[in-house]
Structures are given as structure tokens and as C-alpha cells.
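**Student:** I have a structure I would like to understand better, so I am pasting it below and will then ask my questions one at a time.
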Amino acid sequence: AQKITQTQPGMFVQEKEAVTLDCTYDTSDQSYGLFWYKQPSSGEMIFLIYQGSYDEQNATEGRYSLNFQKARKSANLVISASQLGDSAMYFCAMRENAGNNRKLIWGLGTSLAVNP
Amino acid sequence: ETGVTQTPRHLVMGMTNKKSLKCEQHLGHNAMYWYKQSAKKPLELMFVYNFKEQTENNSVPSRFSPECPNSSHLFLHLHTLQPEDSALYLCASSQETGLNTEAFFGQGTRLTVV
């Protein structure tokens, strides 16, 4: 079973609008961290935002915010005021504290296209 | 400008060739990683080095051989590869391997095995 599920292979959003990219995860660990990365066509993975499992507040970084719903095991990324440069692949990843030697476990990604 | 630099950006090699991928990080990090990114598959961790010591070998075939001469440089030596090894190979580094530590990635080497 997949540990990280991103159900949206592709998404479209109009420039200046907000978009939510979904991510659900599966873990029995109480302590874990959730990450979102952006991968433009150039190939580099760019770190966007981090949420710890014990963080009570949703993480925010500029136009990025993470809608963390622990009971539902979801960690959706919200991008506000989309820009053309936001067009890229977006990956959700998780690091568990126990087991897997703290490896990052990745989803399959969501391709986001921002329309002018 | 990225703090993690990978060369070459593109590589085409025959199945009998030997080549090496190079990664250099300018961030003062202690951990370095090799990942393989194939279409329609999650990113796969291949190797982890922490303070120049290999701490993870994720069941990678021996035709991939990593080398970490110091904490700033990481190599992936390739020999007798197969066409299914064609992929984007990403190098990453992090300050340490803690729960909340983000990794910084290079732009990758697009490898095609013919």
C-alpha cells in the first residue's frame, strides 16, 4: 500500500486564483514530518513547506500553506494567488521517526498548470 | 543559483560504457543522497552518506557504485547499465538526517542508456 497518495495527476488553475493540491498519508508512527516540494521542468526539487506531526498550527510560507488534518491523515498544499511560474510538478513526502531509517517517502506528484 | 550542483546535466551511454555522475554541495551539509526518478514511480532513494560514511544502500544493483570522498562531493559510478536504468538521477544534501530536516536538491542528470 502506498504511504503517500496524491490523487490528482494533473491540475489547472487560473492565474491569481488559489489552488489546493491533495496529499494523504499512511503511518502508524506518532512522530513524523510532512514536506512539499516543487519540481519545475529544469529538474531541481525545491523545498516549499514543512509540517511536523505535533505542530498545532498549520504551516505557512508566503503564498504556500499546508492544510493539516491529522485525524484524516491529510496534508494538502494550498497555493494562493497563483502565478505562471507556479506551473510545475508538486510532490508530497513524509519522513517517519521510527523505521525506514528516516527516509523520505514520496508521492507520485501532481502536475500543476497555471493558465494566464 | 542552486547550492547543489550536478554534472553532467544530460548523459547518453551504451550498455558497455563506464561513466560517473558528480554532485557537489556548497551548503556545508553533512548528509548527501542519490535518488532515482523514473516516470510514473515515486522518487527512489538509492544511497545515503552521513559524515562521509554510507548509511543506506537501498538494495541498489552493484552496477551503481557510490563514492563520497568528502562531505562536499558525491559520485555515482555507472557500469554495464541496462536500458531500464534510464532516468533522472538527483543528488541532494541536508544538514543532518533529523525528522524535520529538509533536503536541498541539484537539477539532476538525465541519463539515457542505449
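The values are calculated or read from the model by the stated rules, or taken from the named source; none is laboratory data. Since the structure is predicted, the reported quantities are computational estimates derived from the model, not experimental observations. Here Cβ is always computed from backbone atoms with ideal geometry, including for glycine, and neighbour counts include all displayed protein chains. Note: accessible area is taken over every heavy atom of the protein model, side chains too, but ligands, DNA and RNA are not part of it. Shrake-Rupley method; radii C 1.70, N 1.55, O 1.52, S 1.80 Å.
**Student:** So A:L34 ticks every box in (1) within 14 Å of chain B (Cβ to nearest Cβ); (2) more than 13 Å from the chain's Cα centre (by Cα); (3) on the phi < 0 side of the Ramachandran plot but one. Which box is left unticked?
**Tutor:** Unmet condition: (2).
**Student:** Are any residues in region B:44-67 over 19 Å from B:L11 (Cβ atoms), within 14 Å of another protein chain (Cβ to nearest Cβ), open to solvent by 50 Å² or more (accessible area, probe 1.4 Å) and of a type in the set (D, E, K, R), and if so, which ones?
**Tutor:** B:E53
**Student:** Taking the options A:N76, A:N67, A:N115, A:N97, name whichever one is open to solvent by 10 Å² or more (accessible area, probe 1.4 Å) and touching a Cys at 6+ places or on another chain (Cβ under 7 Å).
**Tutor:** A:N76
For (1) within 25 Å of A:V13 (Cα to Cα); (2) in a strand (DSSP E or B); (3) at pLDDT 95 or above; (4) acidic (D, E), each residue gets a yes or a no:
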{"site": "A:N67", "(1), (2), (3), (4)": "yes, yes, yes, no"}
{"site": "A:L77", "(1), (2), (3), (4)": "yes, yes, yes, no"}
{"site": "A:A81", "(1), (2), (3), (4)": "yes, no, yes, no"}
{"site": "A:G85", "(1), (2), (3), (4)": "yes, no, yes, no"}
{"site": "A:Y90", "(1), (2), (3), (4)": "yes, yes, yes, no"}
{"site": "A:R95", "(1), (2), (3), (4)": "no, yes, no, no"}
{"site": "A:L108", "(1), (2), (3), (4)": "yes, no, yes, no"}
{"site": "A:V114", "(1), (2), (3), (4)": "yes, yes, yes, no"}
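**Student:** Which one is farthest from the other protein chains (Cβ to nearest Cβ) among residues in region B:68-85 that are touching a Ser or Thr at 6+ places or on another chain (Cβ under 8 Å) and surrounded by fewer than 19 Cβ atoms within 10 Å (Cβ to Cβ)?
**Tutor:** Looking at the filtered set, the residue picked out is B:T80.
**Student:** Okay, next question. Across region A:1-18, which residue is least open to solvent (accessible area, probe 1.4 Å) among those that are part of a loop (DSSP other than H, G, I, E, B) and over 29 Å from A:E56 (Cβ atoms)?
**Tutor:** In this case the residue turns out to be A:E15.
**Student:** Of the residues that sit in region B:94-114 and are exposed (fewer than 14 other Cβ atoms within 10 Å of the Cβ), out of contact with any Gly (no Cβ under 8 Å at 6 or more places or on another chain) and more than 9 Å from chain A (Cβ to nearest Cβ), which one is farthest from B:L81 (Cα to Cα)?
**Tutor:** B:E96
**Student:** Can you tell me which of B:L74, B:L99, B:L88 is closer than 23 Å to B:K40 by Cβ and of a type in the set (A, V, I, L, M, F, W, C)?
**Tutor:** Exactly one of B:L74, B:L99, B:L88 is closer than 23 Å to B:K40 by Cβ and of a type in the set (A, V, I, L, M, F, W, C), namely B:L88.
**Student:** Let me ask something additional. Starting from residues that are assigned to a loop (DSSP other than H, G, I, E, B) and open to solvent by 90 Å² or more (accessible area, probe 1.4 Å), keep the ones in region B:7-23 and report whichever is modelled with the highest pLDDT.
**Tutor:** It comes out as B:R9.
**Student:** Considering only residues that are open to solvent by 70 Å² or more (accessible area, probe 1.4 Å) and of a type in the set (G, A, S), which ones fall in region A:19-60?
**Tutor:** Listed by number, the residues that qualify are A:S28, A:S41.
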